[in-house]
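The values are calculated or read from the model by the stated rules, or taken from the named source; none is laboratory data. Because the structure is a prediction, the values reported are computed rather than measured. Backbone-built Cβ (ideal geometry, glycine too); neighbour counts: all protein chains shown. Each accessible area value is taken on the protein alone, full model and side chains, heavy atoms only, with ligands, DNA and RNA left out. Shrake-Rupley method; radii C 1.70, N 1.55, O 1.52, S 1.80 Å.
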Amino acid sequence: MSESSFQFTALLEADALADVGTPGNLLVVASFSERQKSRHKTQTQCGKPVGWFLPRGLVLKEGDVLLCRSGETIAIQAAPEDGSQVSSSDALKLMTAAYHLGNRHVPRQIGPGLLRYQRDHVLDAMLEGLGLEVQHVLLPFQPEPGAYHGKSILQIDGGHHH
């Protein structure tokens with residue numbers, strides 16, 4: 001291989017979150033599993049390699065922006081994932097379902113009249129047994145962060161606080 005045909009692209013290193021409202025000039029689409037990792041190598045939508053080195057326990061959310069050591073910014077977008085969703089106007093059924101999923105430490109996304117979790121046939125059967133209809137969906141998965149991990153994604157002001 002000649003020297004002229006070889007291209008080296010430096011790894012963009014991100015080690016901090018930008019302030020709320022900072023625009024990202026690059027984009028990474030990542031699954032929930034990837035967004036939970038404190039150390040991760042991937043690439044931007046335009047093919048630039050990127051690695052993030054973040055504090056343990058931080059879970060990246062849709063709309064978060066990473067600051068790179070080079071000064072570039074990378075917006076995070078949640079990738080569509082295989083999921084299961086139950087919807088109901090019966091709040092007691094949804095609360096019971098949320099309780100049983102939480103009791104099993106299952107990450108779950110909570111929205112008005114719905115619960116979403118990563119697809120699992122055993123959990124699907126359990127919720128069907130509670131009288132809920134399970135739908136399989138391919139949507140971005142953004143579960144609740146939990147009581148000890150900051151504010152809910154359903155904050156009244158809709159913003160992120162880091």
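Under the condition of being in contact with a His (Cβ under 9 Å, 6 or more places away or on another chain) and part of a loop (DSSP other than H, G, I, E, B), which residue from the range 63-102 is surrounded by the fewest Cβ atoms within 10 Å (Cβ to Cβ)?
The first filter runs over the range 63-102 and keeps only residues in contact with a His (Cβ under 9 Å, 6 or more places away or on another chain), leaving 63-64, 82-85.
Subset that is part of a loop (DSSP other than H, G, I, E, B): 63-64.
Details: Gly63: 16, Asp64: 22.
So the residue we want is Gly63.
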When the range 55-87 is checked residue by residue, the ones that are modelled with pLDDT under 95, in contact with a Ser or Thr (Cβ under 8 Å, 6 or more places away or on another chain) and either within 29 Å of Pro112 (Cα to Cα) or aliphatic (A, V, I, L, M) (or both) are Gly57, Leu58
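Checking the condition modelled with pLDDT of 95 or more and small (Gly, Ala, Ser), which residue from Gly150, Gly131, Gly158 passes? Break it down stepwise before answering.
Details: Gly150 fails: modelled with pLDDT of 95 or more; Gly158 fails: modelled with pLDDT of 95 or more.
From the options Gly150, Gly131, Gly158, the qualifying one is Gly131.
Answer with yes or no whether Pro145 is modelled with pLDDT under 95, open to solvent by less than 50 Å² (accessible area, probe 1.4 Å) and under 24 Å from Gly24 (Cα atoms). I'd like the intermediate steps shown before the answer.
On the way: modelled with pLDDT under 95: yes; open to solvent by less than 50 Å² (accessible area, probe 1.4 Å): yes; under 24 Å from Gly24 (Cα atoms): yes.
In short, yes.
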task = Answer yes or no: is there a residue in the range 24-32 that is surrounded by 16 or more Cβ atoms within 10 Å (Cβ to Cβ) and over 14 Å from the mean Cα position of the chain (by Cα).
result = yes
- Task: Assess whether Gly131 counts as being in a loop (DSSP other than H, G, I, E, B), on the phi > 0 side of the Ramachandran plot and touching a residue at least 12 places away in the same chain (Cβ under 8 Å).
- Result: yes
* If we scan the range 22-44, do we find a residue that is at pLDDT below 95 and of a type in the set (A, V, I, L, M)? -> no
